[in-house]
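A short reminder: the numbers here are calculations on the coordinates, not readings from a lab. Predicted model only: the values in this text are computed from it and were never measured. All Cβ positions, glycine included, derive from the backbone under ideal geometry; neighbour counts span all protein chains shown.
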Amino acid sequence: MSVAVQLIMNGLIIGSIYALVATGFSLIYNVTKFVHFAHGSVVAFAAYIFYLLIKLGLGLPLSIILTIIIASIFGAVIDWIVYRPLRKRKASAAVLLIASIGLMILLNSAILAVAGADVKSIPITNPVFDVWGARITQLQVIIIAMVFLLLIGLYFFMKHTKLGKAMRATADNNAVAQTVGINPQKMYTYVFMIGSGLAGVAGILVGLEQNLFPEMGTSMIIKGFTGAVIGGMSSVPGSVAGSLFVGLVENIGIWWLPSGYKDAIAFALLFVFLLFKPKGMFGGKS
Amino acid sequence: MISAYFIHLGIMFGMYALLTLSLNLTVGYTGLLNLGHIAFFGIGAYVTAILSPHMPLAISIPLAVILAAAAGTLLALPCGKLRGDYLALATLGFTFICGSIARNWISLTRGALGIAGIQRMGSNTMIVVSLLALVLVVYLILKWFVSTPTGRVLQAVRDDEVAAATLGKDVFKHKILCLAISAGIAGLAGAFYAHYITFIDPSVFSINELILLLSMLIVGGLASLEGSILGALILVLLPEPLRFIGFPSSLVGPMRAMIFALLLLLIVLYKPRGLLGKVDLE
């Protein structure tokens, strides 16, 4: 029994980190209408920046704030240098996808070249609790709480602030949004900043909870993207539900399969959903 | 020693030329943005590596080609209805799944340790000569194939799928055919790789290799077979100076990947038709 509780807990914890990645990703997807595959590499970049700042002795609070700011500026710079010229040329979503995969490899390799291939970890004190026979650390409680506070905050931001409404208008209908005076380029910059800021938080949490390695970005985007696809890419709450589902399935799945198959489970889910239910669990027919 | 180096470059070029030519058939001529190509290469390499201890190469290599083509057909069946970025993502998922299987089905593939001591195909000179001859043959066959009625239907599918279907062409069947041929050629390249390097591990399914293929294809240009050969040649030679500059070996790998990714980005940004391309990437 306690093993089941532990697996479900593990699934929810990692699933909530995936949810953060998926939310940033699907926000960007909804406003810009293309798959920003390098989003996972922004998570990895943030994790390494965070590691560096901690190593420099800046302390936890300052490192967290700086990492989020750097990540969100980084996202805006990516959009500005790579995606904006392509959009100007009216390149198709497939071309933008290819560019984003190229960007992902570029960032992953840059991290590998600068930081080295060895696995890094950030040391923190982390007391362990016992919950229904499962072991949960203090950090894991903080992760779940923080992710849900952030997502609720994001929900209110999108629903009730002027900027959030303007973003949703651009997502719904770019042309009409322009006629009422919303500058789409500005919205793209903002959405990349917000999405990458969320990626920054995800990078910090992953860096604290797991280890850092150069390829971590690929794994993060696959999980986040799978979560977003399962939940329906156009729905942010759906992405959250989908990501929790991915976290649960891959953790419960290792009851039957060797743990090496953890990643394969996510890929198989992704493949099945893209083929048969591309609009997600809650969406209609393609 | 120097000639051994050039023979190695020749073999690498031949292998990548085969891969790029066949990828051009799906992406350039048929307009299917297929990111599963490297998986067919890996399948070809693994099949012959696993089978060759039990049978002559003259049987295991054709089996590798057939199984890779079968995998292509299998991928085309569910993906035939998808287009554009959805197709790209589903086929990318296929590459990841194949990599996962190679890493985890340890009793068959020996997992991350890889398969060592694969039988050599022959002397390096023999490999380079037969491989380059094969590139020429594949080039000529594809050149002929794209001008046949079937090949022209493929290009019609790329330009306007609905129009092709309206004219009574079986779009789905042509897509399957295209992927099967292209996957078979990639599998053959994989078999050459396995019997030349004599060692394979799951990294043959890596996304870095996939980016390298895409760079070769797009640098050379879509729907241009000459472009594919040129693209493969340029990208095989481009990172070679890194070997001689004297970077530590831990840096050479990531620098190579960075060069390929950067080149792909620059080409997509500033010269989307590549050097000899005839159509735009869509």
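Under the rule a/c < 1.5 gives rounded, and otherwise a/b versus b/c splits prolate from oblate, where does segment B:4-93 land using the Cα gyration tensor? Oblate. Across segment A:134-152, the residues whose backbone nitrogen lies under 17 Å from the label position 7 Å along the beta-carbon direction of A:W255 are A:134-135. The residues A:W256, B:W144, when put in order of fewest to most other Cβ atoms within 10 Å, stand as A:W256, B:W144. Using Cβ point charges alone (K and R +1, D and E -1), the dipole size of the protein assembly as shown about the Cα centre works out to roughly 1040 debye. Shape class for segment A:102-163: oblate, because the ratio a/c of the largest to smallest gyration tensor axis (alpha-carbon atoms, square roots of eigenvalues) is 1.5 or more and b/c is at least a/b. Here's the picture: charge each Lys and Arg Cβ at +1 and each Asp and Glu Cβ at -1 in the protein assembly as shown, and of B:A191, A:A91, B:S100 the one pushed furthest to the positive end of that dipole is A:A91. Counting every other Cβ atom within 10 Å of each residue's Cβ, A:D263, B:D159 order from fewest to most as B:D159, A:D263.
The spacing between segment A:100-163 and segment B:21-93, judged by their C-alpha centroids, is 36 Å.
Arranged from fewest to most other beta-carbon atoms within 10 Å of their beta carbon, A:I54, B:I245 become B:I245, A:I54. Averaging the sequence gap over all C-alpha pairs within less than 8 Å and six or more residues apart, then dividing by the number of residues, gives segment A:146-221 a relative contact order of 14 percent. Of the peptides A:72-83, A:217-228, B:161-172, the order by per-residue mean of other Cβ atoms within 10 Å, starting with the highest, comes out as A:217-228, A:72-83, B:161-172.
When only Cα pairs below 8 angstrom with a gap of at least 6 residues are kept, chain A shows a relative contact order of 38 percent. Of the trypsin sites (Lys or Arg not before Pro) found in segment B:231-282, the ones in coil according to DSSP and having at most 15 other Cβ atoms within 10 Å of their Cβ are B:K278.
Taking label points 7 Å from Cα along the Cα-to-Cβ direction, B:I66 and A:L62 give a separation of 6.9 nm. A full extension of the chain between B:Y270 and B:T166 corresponds to an added length of 33.9 nm, given 0.36 nm per residue minus the alpha carbon distance. Straight-line cross-link partners of A:K165 among the lysines, defined as a Cα under 26 Å from its Cα and at least 8 positions apart when in the same chain: A:K33, A:K88, A:K90, A:K186, A:K279. Here's the picture: charge each Lys and Arg Cβ at +1 and each Asp and Glu Cβ at -1 in segment A:2-276, and of A:F45, A:I194, A:F276 the one pushed furthest to the positive end of that dipole is A:I194. Computed over the Cα atoms of segment B:44-171, pair by distinct pair, the Kirkwood hydrodynamic radius stands at 17.9 angstrom. Between the Cα long axis of helix A:138-160 and the first principal axis of chain A there is an angle of about 20°, rounded to the nearest 10.
Summarising the overall dimensions of segment A:2-276 from its C-alpha atoms, the Rg and Dmax are 18.3, 58 angstrom.
Averaged over the residues of peptide B:94-107, the number of Cβ atoms from other protein chains lying within 10 Å of each residue's Cβ is 4. What you get for segment A:148-233, charging only the Cβ of Lys and Arg (+1) and of Asp and Glu (-1), is a dipole of about 380 debye around the Cα centre. Shape class for segment A:1-115: oblate, because the ratio a/c of the largest to smallest gyration tensor axis (alpha-carbon atoms, square roots of eigenvalues) is 1.5 or more and b/c is at least a/b. Length gained on full extension, A:R135 to A:I152: 3.4 nm, using 0.36 nm per residue less the C-alpha separation.
At a temperature of 25 °C and a viscosity of 0.890 mPa s, determine how fast chain B diffuses translationally according to Stokes-Einstein, using the Kirkwood radius over alpha-carbon pairs as Rh; express D in µm²/s, rounded to the nearest whole number. Rounded, D is 129 µm²/s.
With Cα atoms defining each centre, segment B:97-115 and segment B:224-267 are spaced 28 Å apart in the structure.
Cross-link partners for A:K55 among the aspartates and glutamates, with Cα-Cα distance under 14 Å and sequence neighbours closer than 8 places in the same chain left out, do not exist in this structure. Computed about the Cα centre, the dipole magnitude for segment B:2-206 is approximately 140 debye when only Lys and Arg (+1) and Asp and Glu (-1) carry charge, each at its Cβ.
Pop a pseudo-label 7 angstrom from the Cα along the beta-carbon direction at both B:A58 and B:S107 and give the gap in nm to one decimal. Each label point is offset 7 Å from its Cα along the Cβ direction, giving 3.3 nm.
When peptides A:99-111, A:190-202 are ranked by their average number of other Cβ atoms within 10 Å per residue, the highest-first order is A:190-202, A:99-111.
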